[in-house]
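All remarks here apply to the structure that follows.
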């Protein structure tokens, strides 16, 4: 199916399709009215993350240096008072070397390597004025794409991404301004730790679920490990990461020599259902021989002992939902 026909076929299907599943309560399909509340609700939320080799959270302020860069790196304090600088808990008293120089209220680094990376804070007496992390740009970009996976359970305002390595401190941003490192980027940090390891993010977008999707989403991840910072960029269409939540088997009834199964779409799926159509697949186990069969129709053979179901977007049939639990069938 040609991509440019995608929304047109949705619209035609909305008028021609007769739903064979049970409709459920509406889920909002428009992001426009809810963006004020949901847009980056996490904002710059900085959640404590353990096991990140010196960083317990993603730093709010940091400067990135490049290895063997002749241009000095400057850390600023933001005050005109006399200040003392600390590296971690260590007071920097001697600025007589060629690497770190105290210039007024600022620190200048002429050569950056692992021993001098980390947190620098400036103090006026007992008051901390600012704190900045000195990080090193990763020299050899590892293949980190496999650590991040994204999906959306509907065409509504949000999608979810998992980062699968707890050694890193990570944040995600959406849009070109994040890729370019612009100050207007709204970064989102991990809001939940996964049981199997890793972190989960929820990001908001402003795409209309009814309009043709012509522009890819541009996702940027910044990941810190051992005071080295990695940058990962991924681009994708929302439609290509759609993976509905599991549906529900409501009931079944005899229709001649077959069973007709009534399936309820997930409550999180976009509405109206006549526009955002789902395809269901039923898997069943035969009673007389124990063999497994599958059907894309709501009609399945009689004489089965259990069944389960999964769903996917009918017009962009890329990703199936998880299977429901097996349901015993009594006849």
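Answer rounded, prolate or oblate for segment 108-159, using the Cα gyration tensor with square roots of eigenvalues a ≥ b ≥ c: rounded when a/c is under 1.5, else prolate when a/b is larger than b/c, else oblate. Oblate. Normalised by residue number, the volume inside the convex hull of the Cα atoms of segment 68-137 is 89 Å³ per residue. Cβ-to-Cβ counts within 10 Å put 255, 64 in ascending order as 255, 64, the fewest first. Computed with the Debye formula from one identical point scatterer per Cα of segment 73-183, without solvent, the log10 of I(q)/I(0) at q = 0.10, 0.13, 0.15, 0.21 Å⁻¹ comes to -0.48, -0.71, -0.84, -1.17. Length gained on full extension, residue 326 to residue 113: 71.0 nm, using 0.36 nm per residue less the C-alpha separation. Here the spin labels are modelled as points 7 Å beyond Cα on the Cα-Cβ line, and at residue 70 and residue 215 they lie 4.0 nm apart.
Note that segment 248-328 shows a convex hull volume over its alpha carbon atoms of 97 Å³ per residue.
Just so you know, all these numbers are worked out from the coordinates, no wet-lab data involved. Values in this document were obtained by computation on a predicted structure and should not be read as measured data. All Cβ positions, glycine included, derive from the backbone under ideal geometry; neighbour counts span all protein chains shown.
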